[in-house]
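I have placed the structure first, in the form of structure tokens, so that the comments after it can refer back to it.
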Amino acid sequence: MLRSAQTGRGAGVLHHLPEKGREPLPLIIWIHGGAWMAGSKDGPSPASSFTAKGYAVAHVGYRLSQEAVFPAQIHDCKAAVRWLRANARKYELDPDKFVAWGSSAGGHLVAFLGTSGGVAELEGNVNDLKESSRVQAVVDWFGPTDFLHIGDAESDLPHKAPGSPESKLIGGPLLENKDQAAKH
């Protein structure tokens with residue numbers, strides 16, 4: 001069963017609910033990759049297959065880097081988690097069993113979800129602010145975690161170039177914005 005909802009400022013949630021499951025359901029929150037410049041909550045995910053095992057799945061959207069620079073993306077993800085928690089009873093979700101899973105750029109964002117609970121500047125100000133944006137577990141599939149050293153190893157990708165996805169995410173070249181890059 002699919003349901004969709006807007007959670008504010010370009011973000012959204014697409015729900016996949018099992019036909020039959022135990023109630024309340026544990027939730028897997030999928031955050032798509034795409035170098036923070038592409039992708040959508042509407043795309044496929046490996047998480048969707050878990051509905052057959054009794055999990056609910058929510059695909060979360062976020063503003064892409066050409067629309068807004070960081071921390072907008074994590075604000076959107078946290079707003080979605082708060083919205084899901086506020087609507088847990090309606091969708092028969094267990095608010096104490098939220099797992100965030102993402103790949104690449106989505107892995108970067110779920111790592112932030114798992115480590116930044118209570119960090120005010122990363123919370124944003126949309127959706128059910130009384131609700132927690134914390135998740136109980138994270139699955140980070142190859143998300144970048146150190147922008148200051150990304151590209152140090154031999155690679156065909158110019159991670160430190162002014163036009164790199166990482167530079168676009170933080171709003172300027174990594175090497176000229178080391179304070180901002182260090183936060184990732």
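The values are calculated or read from the model by the stated rules, or taken from the named source; none is laboratory data. No experiment lies behind these values; they were computed from the predicted model shown. All Cβ positions, glycine included, derive from the backbone under ideal geometry; neighbour counts span all protein chains shown.
Here are some notes:
- Those residues of segment 33-62 which are closer than 22 Å to R82 by Cα, in contact with an Asp or Glu (Cβ under 9 Å, 6 or more places away or on another chain), at pLDDT 90 or above and not in a strand (DSSP E or B), in sequence order: W36, Y62
- S65 fulfils the conditions (1) surrounded by fewer than 23 Cβ atoms within 10 Å (Cβ to Cβ); (2) assigned to a loop (DSSP other than H, G, I, E, B); (3) of a type outside the set (D, E, K, R) except for a single criterion, (1).
- Checklist (1) closer than 20 Å to P165 by Cβ; (2) modelled with pLDDT of 95 or more; (3) out of contact with any Leu (no Cβ under 6 Å at 6 or more places or on another chain); (4) not hydroxyl-bearing (S, T, Y) applied to I74, failing item: (3)
- Exclusive hit being at pLDDT 95 or above and not basic (K, R), set L157, L129, L109: L109
- Checked against the criterion of being in contact with a strand residue (DSSP E or B) (Cβ under 6 Å, 6 or more places away or on another chain) and either assigned by TED's automatic domain parsing to the domain that holds G39 or of a type in the set (S, T, Y) (or both), segment 139-159 has at least one qualifying residue.
- Residue within segment 99-109 that is in contact with a Phe, Trp or Tyr (Cβ under 6 Å, 6 or more places away or on another chain) and more than 16 Å from V60 (Cα to Cα) present: no
- Here H16 qualifies as at pLDDT below 90 and out of contact with any Asp or Glu (no Cβ under 6 Å at 6 or more places or on another chain).
- Where helices (runs of 4 or more DSSP H) sit wholly within segment 76-184, those with at least 1 residues that are surrounded by fewer than 22 Cβ atoms within 10 Å (Cβ to Cβ) and without any contact (Cβ under 8 Å) to a residue 24 or more places away in the chain occupy 105-115, 178-181.
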